[in-house]
Amino acid sequence: MALIDGKKVSLEIRDHLAEEVAEVKRKTGAVPGLAVVLVGDDPASAVYVRNKNKTCQSLGFASFEHVLPAETPEADLLALVESLNVDEKVHGILVQLPLPGQIDSEKVLRAILPEKDVDGFHPVNMGQLVVGRSLLVPCTPLGIITLLDRYGIDIEGKHAVVLGRSNIVGKPVSLLLLGRNATVTICHSRTRELAAVTRQADILVAAVGRARFVTADMVKDGAVVIDVGINRVDGKLVGDVDFQGVEGKASFITPVPGGVGPMTIAMLMENTMKAFRARHGLFA
Ligand code: NDP
C-alpha cells in the first residue's frame, strides 16, 4: 500500500504558484486577486475563510475579505457580488456556503461572473465540464485528479466507482474521470447491492459524508482509494473510508486528514491563477 500525500503535493503546488505570481507580476504589473465572502458567523466557515486569506497572502495573491452579518438581505449580497464582478483587481470570487436561510444560494452562485467563478459551481462552468471544455472546475474534484496524476496512476480504461452524486464532489469528479477515459459508475443512497458495485472499482472515490462508511469488504484487492470525507467523530477528523481496514487492500490510499483536504484550497488558488491568466491573455 502506498499513501497518497495530499499535504506534500499541495505544498509543491503552492510553491509553484508563488513563483508564477512573481512571473505574472513582472509581465503585467498585477497579481491575482481572490475575494472571499462570508455571510454570518458559522465557526467552520469562518475558519475556511481565514485559511483562504492566509494562503492568498503567503502566495502573494491579493485577498479581499467581506464578512457580512447573518441577517444580510439577499439584495445586499447580490449587490456586493455585482461590485466584485466589475472590480479589475478581483479575478476570483468565492461565496462561502452554506448561506443563511433568507438567501437563495442558487441565485447568488448564478450572479457570479462565470470567468470569476473559481469554485466552478456556476451552471455555465458546470455545462462546460459536461461538454469537456472547462476552464474553471470545482476544486475538490480537480484536486482528486491532480493527486492521481501526481502519483502516476493511470485513469484511462479503469473502472472508477464514485460513491456520492453531489454537485460539488460526486458529479464533477465523475465527469472528470469520464473525460480521462475511465468507465465510470456513480453510486448513491438508492444504489442496490452497493458493495458488489464498489468491489468492481479499480479507482474508488468515496464522497458520502458518513464516517468510515467504506469497509474492507467493499474494496477490491489493489484498488486505488480516494477518501473525500470529512467527518468529526469524538473530536477527531475521520474520512468516509475505514482507513485501518482498507489500507491493507488498497494499492494507493489517501489519508484523512492530509489527503484530499489540503488539495481543495491549493486548487482554489490554481483556479484564481487560471482566471487571472485568462483575463490577461497569458497562457501557462
Ligand atoms: P452530500 O451530502 O451532498 O452528498 C453525499 C452523497 O452520498 C449523496 O449523493 C448521497 O446519496 C450519498 N449517500 C449518502 N448515504 C449513502 C449511503 N448509505 N449509500 C450510498 N450513498 C449514500 O456530500 P458532499 O458531496 O458535499 O460531501 C461528501 C463528503 O465529502 C462529506 O464528508 C464532506 O464533508 C466532504 N467534503 C470534503 C471536501 C474536501 O475538501 N476534502 C470538500 C467537499 C466535501 P443521495 O444523493 O441519494 O442522497
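Since every read-out is calculated from the coordinates, none of them should be taken as a lab result. This one's a predicted model, so the numbers in the text were calculated from it and none came from an experiment. Heads up, the Cβs are rebuilt from the backbone with ideal geometry, glycines too, and the neighbour counts pull from every protein chain shown.
A few comments on the model shown:
- The angle between the Cα long axis of helix 6-28 and the main principal axis of the chain comes to about 30°, on a 0 to 90 degree scale.
- Segments 270-279, 156-165, 11-20, 103-112 sorted - mean Cβ within 10 Å per residue, highest first: 270-279, 156-165, 103-112, 11-20
- Over 18 Å (Cα to Cα) - which of K7/K52; K8/K171; K7/K54; K116/K274; K52/K116 fall in this group: K8/K171
- Peptides ranked, highest mean first, by Cβ atoms within 10 Å: ranges 141-147, 130-136: 141-147, 130-136
- Using every pair of distinct Cα positions in the stretch 194-284, the Kirkwood expression returns a hydrodynamic radius of 14.4 angstrom.
- Amide H partners (placed H, <5 Å) of V67, local residues excluded: L38
- Mean separation of Cα contacts under 8 Å, 6 or more apart, over the residue count of the stretch 1-101: relative contact order %: 35
- Cα-based helix-to-principal-axis angle, 260-279 vs the chain, degrees rounded to 10: 40
- Per residue convex hull volume, Cα atoms of the chain, in Å³: 129
- When the helices of the chain are scored as -39500 (n - 2.57) per DSSP H run of n ≥ 4 and the total is divided over every residue, the value at 222 nm lands at -13000 deg cm²/dmol.
- Hz values of 3J(HN,Hα) by residue in the stretch 199-212 - Karplus curve (6.51, -1.76, 1.60), Gly and Pro given as x: 5, 7, 6, 7, 10, 10, 10, 9, 9, 9, x, 10, 4, 6
- Angle of helix 74-85 to the longest C-alpha principal axis of the chain, folded into 0 to 90 degrees and rounded to 10: 80°.
- Range of Cα positions in the stretch 58-201 per principal axis (Å), largest first: 49, 35, 29
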